[in-house]
Every structure is written in structure tokens, then in C-alpha cells.
Amino acid sequence: MVRNKVALKLQDTLKDLKIERAALHAFRHMAASELLEDGVSPSVVQRQMRHSDSRITLQKYGHVIGEAQRRAVDSLAGRVLELTR
């Protein structure tokens with residue numbers, strides 16, 4: 001399929017589902033964010049996104065890692081506190 005046909009079909013589908021318009025790039029961002037959120041190595045995500053360097057990947061999606069780290073620390077703290085009771 002030609003990119004324009006895919007983009008048009010996407011917009012039609014989103015409209016039918018009553019979802020706000022989104023560009024194809026939003027799905028790329030979502031995929032990279034989800035991979036990092038799931039703990040996939042930044043170097044693996046870098047290759048999937050075809051970035052020339054993993055630093056580019058971390059600059060664009062580093063905020064995801066920060067959120068995941070916060071949740072991991074909160075989870076660990078909860079388990080530690082549970083053990084001390």
C-alpha cells in the first residue's frame with residue numbers, strides 16, 4: 001500500500017471509532033514508548049526505530065524510562081514496607 005492510502009484509511013477508521021485524529025508517527029512513538037516501558041533494552045528499541053544511535057532513542061523517549069523507574073521504586077518500596085510489618 002502507498003503511505004497516503006494507509007494514512008487516509010487510518011483517518012477514516014479513527015473517525016468511525018470517534019477517536020481524535022492522529023498521524024502515523026503517533027503509532028511509531030507509541031511503539032517505542034511501549035517497548036521501553038516493557039523493559040526492552042534501549043539498544044533494541046534503537047534498532048527497531050532505525051535510529052543511528054541509542055542516544056537519539058533515549059533523548060526522544062527517555063521520559064518513559066523515568067516513569068517506569070518511578071513505578072519500579074514504588075513497587076519495591078511497597079514490598080519492603082510489607083516485609084517490615
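Things to note:
- For the range 56-85, filtering for residues that are in contact (Cβ under 8 Å) with a residue 12 or more places away in the chain and either farther than 14 Å from residue 29 by Cα or not hydroxyl-bearing (Ser, Thr, Tyr) (or both) leaves 6.
- Single condition residue 22 does not satisfy, out of (1) among the aliphatic types (A, V, I, L, M); (2) open to solvent by 50 Å² or more (accessible area, probe 1.4 Å); (3) under 25 Å from residue 4 (Cα atoms): (2)
- Scanning the range 45-55 for residues that are part of a helix (DSSP H, G or I), open to solvent by less than 60 Å² (accessible area, probe 1.4 Å) and either among the charged types (D, E, K, R) or over 16 Å from residue 27 (Cα atoms) (or both) yields one hit, 54.
- Residues of the range 56-85 that are of a type in the set (Val, Ile, Thr), loosely packed, with under 10 Cβ neighbours inside 10 Å and in a helix (DSSP H, G or I): 80 alone.
- Of the numbered criteria (1) assigned to a loop (DSSP other than H, G, I, E, B); (2) farther than 27 Å from residue 57 by Cβ, the one residue 20 fails is (2).
The values are calculated or read from the model by the stated rules, or taken from the named source; none is laboratory data. All figures in this text were calculated on a predicted structure; none of them were measured in a lab. So basically every Cβ, Gly included, is an ideal-geometry build from the backbone, and we count neighbours across all protein chains shown. Heavy atoms of the whole protein, side chains included, go into the accessibility calculation; ligands, DNA and RNA do not. Shrake-Rupley method; radii C 1.70, N 1.55, O 1.52, S 1.80 Å.
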